[in-house]
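First the structure, in the form of C-alpha cells, and then the observations on it.
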Amino acid sequence: MNWTALPAFSDNYIWMLDVQGLALVVDPGDAEVVLAALAERQLTLQAILLTHHHADHTGGVAALRQVTGCTVYGPAFEVLPEPVQRLSGGQCVTALGAEFEVIDVPGHTAGHIAYYCKSLPANGSAAGVLFCGDTLFSGGCGRLFEGTPAQMLASLDALAALPSDTRVFCTHEYTLSNLRFARAVEPDNTDLQAYEAHCQALRARLANTLPSSIGQELKINPFLRSRSPAVRQSVLQIKPQASSEVEYFAALREWKNTFQ
Ligand SMILES: [Zn+2]
C-alpha cells in the first residue's frame with residue numbers, strides 16, 4: 001500500500017491510498033487533482049471516504065463518482081452528495097482490502113466521523129492509520145462550528161487513546177501556525193520546540209509535515225494536553241475562572257480563535 005498527499009486549494013491535502021492498481025481517496029474537495037493523480041499512476045478509484053460535509057472535503061465527489069463509478073462512504077447524519085453509504089461509530093468499512101473502523105468525533109461538525117485502520121502496511125512500515133478530517137490537526141484541532149467543547153474534548157480523547165504509533169492523516173497543512181499558538185501556551189515544552197524546528201525545516205523545502213502520530217501529538221498538541229499543569233496554568237491567565245476539564249478546553253479553543 002502507498003499513501004500520497006494530493007495538495008488542493010491553499011492548504012488542503014486529499015489523501016490517496018493505492019495498492020495493486022486500485023485507489024481510495026479521503027475528503028476529495030477537488031476532483032481535478034484526484035483525476036490527474038489517477039491518470040498519472042494508472043489507478044482505478046474504488047472508494048471515497050468522507051469525514052464531514054464541508055465543501056472543501058466533498059466538492060469533488062459528484063464528478064469523481066460520475067467519471068469512475070466509485071463507492072462513496074460518509075457520516076450517517078450529514079448532508080452529502082448522494083448516494084452515500086452511511087456510517088457511524090463502531091461500524092467498519094472495507095476498502096482496498098483494509099478494514100477501517102469508524103469513530104464518531106463530533107465537534108467541528110455535528111456528525112463528523114474518523115476512519116481508523118489498526119494496522120496498515122504502507123510506505124515501508126506497518127502501523128495504524130487515522131483519517132481524522134478537521135478534528136485533529138498537528139498541533140491543533142478543528143474549530144467548533146456545530147458541536148460543543150464537551151463533544152470535541154470527548155472526540156479528541158477517543159483519538160488520543162489510539163496506539164501511539166498511529167499515523168495521523170490530517171486534512172490541512174496548518175502545522176506551523178498551530179505550533180506558534182502551542183508555543184504561546186507551553187513556552188517551556190522542549191518536545192514542542194524540537195518539533196517546531198523540524199516542521200519549519202520541512203516547510204522551508206515545501207515538504208508537508210504530515211502524517212503526524214498520536215504519540216507526537218500527545219507531546220506537543222495543547223488540545224490533547226488541556227489537563228496538563230503547564231497548559232492549565234497558561235489558560236488561567238486568559239480565563240481565571242476556568243475550573244472543570246471542559247472549561248479549560250473551551251477557554252483554550254477560544255484563545256486560539258483570537259490568537260494572532
Ligand atoms: Zn471542515
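Quick note: the coordinates plus some simple rules give every number you see, no bench work behind them. Computed from a predicted structure; not experimentally measured. When we count neighbours, we look across all protein chains shown, and the Cβ atoms used for this are built from the backbone with ideal geometry, even at glycine.
Given the DSSP H assignment, sum -39500 (n - 2.57) over each helix run of at least 4 residues in the chain and divide by its residue total; what's the result at 222 nm in deg cm²/dmol, nearest 500?
Value at 222 nm, helices only: -10500 deg cm²/dmol.
Picking from SER88, ALA76, ALA126, whose Cα lies most toward the positive end of the charge dipole for the chain (charges on Cβ: Lys, Arg +1; Asp, Glu -1)?
The listed residue farthest towards the positive side: ALA126.
Report for the chain the percent antiparallel among DSSP-assigned beta bridges with both residues inside it, nearest 5.
About 70 percent, rounded to the nearest 5.
Does anyone have the angle between helix 245-258 and the longest principal axis of the chain? Alpha-carbon axes, 0 to 90°, nearest 10?
The angle comes out near 80 degrees.
If you count, for each residue, the other Cβ atoms within 10 Å and average over each peptide, how do 7-15, 109-117, 133-141 line up from highest to lowest?
In decreasing order of mean packing, 7-15, 109-117, 133-141 become 133-141, 109-117, 7-15.
Students often forget the sequence filter, so: which lysines lie under 21 Å Cα-Cα from LYS256 once same-chain residues fewer than 8 apart are removed?
Cα-Cα hits under 21 Å: LYS219, LYS239.
Ranked highest first by average number of other Cβ atoms within 10 Å, how do 210-219, 79-88 line up?
Descending mean neighbour count gives 210-219, 79-88.
Among 56-66, 194-204, what's the highest-first ranking by average C-beta atoms within 10 angstrom per residue?
56-66, 194-204
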